[in-house]
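The values are calculated or read from the model by the stated rules, or taken from the named source; none is laboratory data. Since we're looking at a predicted model, the values are computed, not measured. So basically every Cβ, Gly included, is an ideal-geometry build from the backbone, and we count neighbours across all protein chains shown.
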């Protein structure tokens, strides 16, 4: 009987091994636990498909420049979501580079799917950035992040999760999690907001900037007194913003 039981156990184990499960099956020497609290380990291997559409602007002379190019990752607002990339060209850097061909940055402008939010797409965004860095001549010490409205929220979220990746961040009319402000104390931040914004309260930018400053960080806020929700037009038309970006490197201080 012992031999028969052993053979049955081997047969069952062979069936389990051939079931094509994505997780790893571990057979414990004592699968039935006694009552009480036990230390255990869970392990499972999963795969994910990450994808998004995006606009990519490459400056002239990209391949000839020995030193890598600075890069701006731009996150659009809720109104530009969907699958039509022409919508992403409406505002900010992707609008500017349509006319300014000598814009001195690589610009990556992903598009968020309809009904999704950038704050839920952090994993997609950081993997997109990794892919661009691997394929193009990017100066990894000069990667900058900015976004407007929904993209402002996304900028705060992405920078909070990956502060080591960005040399400077410029969220426009967005808000973030003040509890995470300590993660941004070493990342220069320049936020923008309209005083008359009825969509995203100015207080949200004020609170984030104040929280970073309280932790010894380098953050400032520009408030446009006559602007409503559209504070991005004036912000992105401000040459000082791009000079400010270029004045920061991950390993250095502002010029």
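Points worth noting:
- Test: residue in segment 112-129 that is crowded, with 23+ Cβ neighbours inside 10 Å, touching a strand residue (DSSP E or B) at 6+ places or on another chain (Cβ under 8 Å), in contact (Cβ under 8 Å) with a residue 24 or more places away in the chain and part of a helix (DSSP H, G or I): yes
- Test for residue 209: is it surrounded by 15 or more Cβ atoms within 10 Å (Cβ to Cβ), at pLDDT 95 or above and not in a strand (DSSP E or B): yes
- Considering residues of segment 134-155 that are buried (at least 18 other Cβ atoms within 10 Å of the Cβ) and in a helix (DSSP H, G or I) only, the residue farthest from the chain's Cα centre (by Cα): 150
- Scanning segment 166-199 for residues that are touching a residue at least 60 places away in the same chain (Cβ under 8 Å) and outside any loop (DSSP other than H, G, I, E, B) turns up 168, 170, 172.
Condition check ((1) under 18 Å from residue 167 (Cβ atoms); (2) touching a helix residue (DSSP H, G or I) at 6+ places or on another chain (Cβ under 8 Å)) across all residues:
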| position | (1), (2) |
| --- | --- |
| 52 | no, yes |
| 57 | no, yes |
| 62 | no, no |
| 67 | yes, no |
| 83 | no, no |
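- If only residues of segment 156-165 that are part of a helix (DSSP H, G or I) and touching a helix residue (DSSP H, G or I) at 6+ places or on another chain (Cβ under 9 Å) are counted, the one that is nearest to residue 227 (Cα to Cα) is 156.
- The residues on offer are 60, 43, and the sole one that is modelled with pLDDT under 95, more than 21 Å from the chain's Cα centre (by Cα), part of a loop (DSSP other than H, G, I, E, B) and within 22 Å of residue 133 (Cα to Cα) is 60.
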